[in-house]
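Asker: Okay, handing you the structure first.
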Amino acid sequence: NIFRISADLSHLASIVILLETIRKTRQVDGISLKTQLLYVLVFCTRYLDLLTFRWTSLYNTLMKFFFIGTSIYVIKLMQECKIKNPVAYKDMMARDTFQIKYLLGPSAILAMVFNYKFTILELCWSFSVWLESVAILPQLFMLSRSGKAGTLTTHYIFALGLYRALYIPNWIWRYYTENRFEKLSIFTGLLQTALYSDFFYIYYKKVIKGGGFELP
Amino acid sequence: EVNALTHDEL
């Protein structure tokens, strides 16, 4: 449906914007390495079903490989910056101080409690949706502490937030057309979108209406 | 019947 395809395109766009940001600035200014590492973990645990070869569609499989591949590629690019621009890299690391154990631990516990089946694949899948819902926090934390962000970085976060927000009408659509109701995706999706809501508001006020981007 | 156990989303 239209919401699902727009969501996936917005997700693709966010990654293109992120890669463009790193490529253009040749440094990692404003990008949280911790959030990016969490995304690698999110995609690797969610798409374990690639190993079972029970694929749903070519689209699905290609997208899964794309998201795993690009998330690892982002880490590689960031590590290159460490060599090329060690001062900027150190500066980023000094500001990237969110304790991710507070995200990893609860996600693991929630996955144990809320899952569709107590199997490795299902537990990893559930862990990945819980973790994805909070994975942006180190990035938002970094932004709110520095108070300022580059335009490309804000576009990246916006596109990334929009992706999960668009999944919500997609779930409503699928509920009415397919009688499908996936409670875990829906709940974590709502949580994820809620975490972005403050950011969306500031983005709307500052970026759309002109002017710089500053977080309180 | 509500179906949930197919992870066909990204």
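Asker: Among the residues of the stretch A:124-173, what is the count of those that are over 22 Å from A:Tyr102 (Cα atoms), at pLDDT 90 or above and surrounded by fewer than 19 Cβ atoms within 10 Å (Cβ to Cβ)?
Answerer: Summing the residues that are over 22 Å from A:Tyr102 (Cα atoms), at pLDDT 90 or above and surrounded by fewer than 19 Cβ atoms within 10 Å (Cβ to Cβ) in the stretch A:124-173 gives 4.
Asker: Mind listing whichever residues of the stretch A:74-92 are crowded, with 16+ Cβ neighbours inside 10 Å and at pLDDT 95 or above?
Answerer: Result: A:Val74, single match.
Asker: Out of all the residues in the stretch A:181-197, is one or more touching a residue at least 40 places away in the same chain (Cβ under 8 Å), surrounded by 19 or more Cβ atoms within 10 Å (Cβ to Cβ) and more than 19 Å from A:Ser10 (Cα to Cα)?
Answerer: yes
Asker: Can you list residue pairs whose Cβ atoms sit under 8 Å apart, with the first residue in the stretch A:40-54 being without any contact (Cβ under 8 Å) to a residue 60 or more places away in the chain and of a type outside the set (Val, Ile, Thr) and the second being in a helix (DSSP H, G or I) and exposed (fewer than 15 other Cβ atoms within 10 Å of the Cβ)? Count only pairs 6 or more apart in sequence or on different chains.
Answerer: Listed by first residue and then by second, the contacts come to A:Leu50/A:Phe65.
Asker: What tally of residues in the stretch A:181-216 results from selecting those that are part of a loop (DSSP other than H, G, I, E, B) and either among the charged types (D, E, K, R) or modelled with pLDDT of 90 or more (or both)? Can you show your working first?
Answerer: Initially, the stretch A:181-216 is screened for residues part of a loop (DSSP other than H, G, I, E, B), giving A:181-182, A:209-213, A:215-216.
Add one more test, that the residue is either among the charged types (D, E, K, R) or modelled with pLDDT of 90 or more (or both), and what stays is A:181-182, A:209.
Summing the residues that are part of a loop (DSSP other than H, G, I, E, B) and either among the charged types (D, E, K, R) or modelled with pLDDT of 90 or more (or both) in the stretch A:181-216 gives 3.
Asker: Right, here's the next one. Evaluate the stretch A:193-204: report whether one residue or more is within 14 Å of another protein chain (Cβ to nearest Cβ) and closer than 26 Å to A:Cys44 by Cα.
Answerer: First, the residues of the stretch A:193-204 that are within 14 Å of another protein chain (Cβ to nearest Cβ): none.
No; the residues of the stretch A:193-204 include none that is within 14 Å of another protein chain (Cβ to nearest Cβ) and closer than 26 Å to A:Cys44 by Cα.
Asker: Assuming A:Gln36 fulfils every condition listed in (1) polar (S, T, N, Q); (2) within 14 Å of chain B (Cβ to nearest Cβ); (3) surrounded by 15 or more Cβ atoms within 10 Å (Cβ to Cβ) apart from one, which condition is it?
Answerer: (2)
Asker: Looking only at the stretch A:93-123, filter to residues that are surrounded by 14 or more Cβ atoms within 10 Å (Cβ to Cβ) and aromatic (Phe, Trp, Tyr); which one of those is modelled with the lowest pLDDT?
Answerer: A:Tyr116
Asker: Please give the number of the condition A:Met93 fails out of (1) within 14 Å of another protein chain (Cβ to nearest Cβ); (2) touching a residue at least 40 places away in the same chain (Cβ under 8 Å); (3) not basic (Lys, Arg).
Answerer: Condition not satisfied by A:Met93: (1).
Asker: Ok, one more. Consider A:Gln36 against the criteria (1) more than 22 Å from A:Phe141 (Cβ to Cβ); (2) under 17 Å from the mean Cα position of the chain (by Cα): it satisfies all of them except one. Which criterion is unmet?
Answerer: The failed condition is (1).
Asker: Something else about it: Could you check the stretch A:170-180 and list, in sequence order, the residues that are in a helix (DSSP H, G or I) and not basic (Lys, Arg)?
Answerer: Just the residues of the stretch A:170-180 that are in a helix (DSSP H, G or I), to begin with: A:170-178.
Passing the criteria: A:Asn170, A:Trp171, A:Ile172, A:Trp173, A:Tyr175, A:Tyr176, A:Thr177, A:Glu178.
Asker: Looking only at the stretch A:99-126, how many residues end up being touching a residue at least 40 places away in the same chain (Cβ under 8 Å) and either touching a His at 6+ places or on another chain (Cβ under 6 Å) or within 13 Å of another protein chain (Cβ to nearest Cβ) (or both)?
Answerer: Total meeting the criteria: 7.
Asker: Let me ask something additional. Quick check: is even one residue across the stretch A:1-20 away from chain B (no Cβ under 14 Å), surrounded by fewer than 19 Cβ atoms within 10 Å (Cβ to Cβ) and closer than 25 Å to B:Thr6 by Cβ?
Answerer: Checked against the condition, which is being away from chain B (no Cβ under 14 Å), surrounded by fewer than 19 Cβ atoms within 10 Å (Cβ to Cβ) and closer than 25 Å to B:Thr6 by Cβ, the stretch A:1-20 yields at least one hit.
Asker: If A:Leu58 satisfies all but one of (1) within 19 Å of A:Ile120 (Cβ to Cβ); (2) exposed (fewer than 14 other Cβ atoms within 10 Å of the Cβ); (3) within 14 Å of chain B (Cβ to nearest Cβ), what's the number of the condition it fails?
Answerer: A:Leu58 satisfies all of (1) within 19 Å of A:Ile120 (Cβ to Cβ); (2) exposed (fewer than 14 other Cβ atoms within 10 Å of the Cβ); (3) within 14 Å of chain B (Cβ to nearest Cβ) except (1).
The values are calculated or read from the model by the stated rules, or taken from the named source; none is laboratory data. As the structure is a computational prediction, the values presented were derived from the model and not from experiment. Cβ sites come from the backbone with ideal geometry, for glycine too, and all protein chains shown count toward neighbours.
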